[in-house]
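Peer 1: The structure's right below; bear with me while I get my questions together.
Derivation of every value follows stated rules applied to the coordinates shown; laboratory data play no part. Values in this document were obtained by computation on a predicted structure and should not be read as measured data. Neighbour counts are summed over all protein chains in view; Cβ atoms, including those assigned to glycine, are modelled from backbone coordinates with ideal geometry.
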Amino acid sequence: QVQLVESGGGSVQAGGSLRLSCAASGLTNSYYAMGWFRQAPGQERELVAVIDWSGTLANYADSAKGRFTISRSNAKNTLYLQMNNLKPEDTAVYYCAADRHYIRAADGLEYWGRGTLVTVSS
């Protein structure tokens, strides 16, 4: 059974930093692309950052470029999202996802975590 478990969310003031982690278990191998998505109240889930299975190819939403860094450790089966210079508009539930194909959108992905809440106050 595949499980993705996010951690590292919390409350922070604008300008602060958080590091999210997503521990994966049950995947048959490391050949899964992974990504971070977020969903704010009343809004649709949106892509934040994605990374290929090897960790060499990453893409970011415009809102995340220059502030967030996605990375992974296949040895630890863990995905990370380093978030710096956080803004109130970054407030959302952050989800990690995994799929055998490179991730371009939230639709149809194989596996999802349950999310971790990030709250940024001004």
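Peer 1: Suppose R0 equals 30 Å; then what is the FRET efficiency for Gln39 and Lys76 from their Cβ-Cβ distance, rounded to the nearest 0.05?
Peer 2: With R0 = 30 Å, the Cβ-Cβ based efficiency is 0.70.
Peer 1: Which shape class applies to the stretch 18-57: rounded if a/c is under 1.5, otherwise prolate when a/b exceeds b/c and oblate if not, where a ≥ b ≥ c are the square roots of the Cα gyration tensor eigenvalues?
Peer 2: Verdict is prolate for the stretch 18-57.
Peer 1: Now for a different question. Name the residue, out of Gly55, Gly42, Gly108, whose mean-square fluctuation peaks in a Gaussian network model built on the chain with Cα pairs under 10 Å.
Peer 2: Top of the fluctuation ranking is Gly42.
Peer 1: Would you please report the Å³ per residue occupied by the convex hull of the alpha carbon atoms in the stretch 52-122?
Peer 2: Cα-based convex hull of the stretch 52-122, divided per residue, equals 107 Å³.
Peer 1: When the chain is fully extended, how far beyond the present Cα-Cα distance does Ala58 get from Arg100, taking 0.36 nm per residue of separation?
Peer 2: The span from Ala58 to Arg100 would gain 13.6 nm if fully extended.
Peer 1: Looking at the chain only, what percent of DSSP beta bridges run antiparallel? Nearest 5 please.
Peer 2: Antiparallel: roughly 90 percent of the beta bridges in the chain.
Peer 1: Then there is this: Quote the charge dipole size of the stretch 10-98 about the Cα centre in Debye, to the nearest 20; the model charges only the Cβ of Lys and Arg (+1) and of Asp and Glu (-1).
Peer 2: Computed charge dipole of the stretch 10-98: roughly 240 debye.
Peer 1: Using a simple charge model, +1 on the beta-carbon of Lys and Arg, -1 on the beta-carbon of Asp and Glu, nothing else, what dipole does the stretch 73-122 show about its Cα centre, in debye to the nearest 20?
Peer 2: Using only the charged Cβ atoms, the result is roughly 160 debye.
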